[in-house]
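What follows is a set of notes on a single structure, which appears directly below.
The values are calculated or read from the model by the stated rules, or taken from the named source; none is laboratory data. Nothing here was measured: the structure is a model prediction, and the numbers come from that model. Using ideal geometry, Cβ is built from the backbone for each residue, glycine included, and neighbour counts are taken over all protein chains shown.
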Amino acid sequence: MKNHTTNLRIRYSETDQMGVVYHGNYAQFFEIGRTEWLRSMGVTYKDMENTGIMLPVISLTCNFKKSALYDDLLTVTTFLVKPPSVRIEFNYEIINQHKELICTGNSTLVFVNKETKKPIRCPDYLLEKFNF
C-alpha cells in the first residue's frame, strides 16, 4: 500500500559505549517515519488534535536484524498496512547506508475522540487524504 521514506543520522546520544543504537530509540525512529508518512499525505498530528482526534499507539513490535551504529545514515520506510477503520496499522523497515536491513517493525494506533477518550472510526476527511 502507501509508503514513505525518511532519512535520519544516528547521533552519539542515541548509542551506548560500544557505539550501538540503544534499542529503545527504535520506537522514536518508527514515530518519525509515521509522522512523516502522515505529513506526506497532507496531515499532521497537530491538525488532527485541533479537530479533536488523538492517535495513541496500542501495539508496537520491533525485530532486530543488525545493529545500527553511531553516525549511520538510516532510511526508515513506513508502509500503511490496510485502509484505516478505528485502527490504523503501519509496518516499518529500516536499512543503513550500505542497504543492510537493520530492523522491521509494526505499530497499531487507534483513533480516539480527544474529549471523550473513546475510540472512533477514521474520519472521512482523513480517508480522503489517504485516497480511500
note = Here the qualifying pairs (Cβ atoms under 7 Å; residues six or more apart or on different chains; first in segment 22-36 and more than 16 Å from Ile88 (Cβ to Cβ) and hydroxyl-bearing (Ser, Thr, Tyr); second at pLDDT 95 or above and in a helix (DSSP H, G or I)) come out as Tyr22/Glu14
ask   = Given Thr5, Thr35, which one is in a helix (DSSP H, G or I), polar (S, T, N, Q) and surrounded by 14 or more Cβ atoms within 10 Å (Cβ to Cβ)?
value = Thr35
remark   = The lone condition Gly33 fails out of (1) farther than 29 Å from Val20 by Cα; (2) under 13 Å from the mean Cα position of the chain (by Cα) is (1)
task = Within segment 36-50, track down each residue that is under 18 Å from Arg87 (Cα atoms) and in contact with a helix residue (DSSP H, G or I) (Cβ under 8 Å, 6 or more places away or on another chain).
result = Leu38, Met41, Val43, Thr44, Tyr45, Met48
inquiry  = Just to check your reading of the model, which residue among Val43, Val86, Val57, Val76 is closer than 22 Å to Pro123 by Cα, among the aliphatic types (A, V, I, L, M) and surrounded by 15 or more Cβ atoms within 10 Å (Cβ to Cβ)?
reply    = Val43
query = Does any residue in segment 100-115 that is closer than 21 Å to Leu38 by Cα come within less than 6 Å, Cβ to Cβ, of a residue that is basic (Lys, Arg) and surrounded by 15 or more Cβ atoms within 10 Å (Cβ to Cβ) six or more places away or on a different chain, and which pairs are these?
reply = Thr108/Arg87; Val110/Arg87
note = Val20 fails exactly one of (1) touching a strand residue (DSSP E or B) at 6+ places or on another chain (Cβ under 7 Å); (2) farther than 14 Å from Asp72 by Cα, namely (2)
All positions within segment 96-132 that are in contact with a helix residue (DSSP H, G or I) (Cβ under 7 Å, 6 or more places away or on another chain), closer than 18 Å to Thr44 by Cβ and of a type outside the set (D, E, K, R) = Ser107
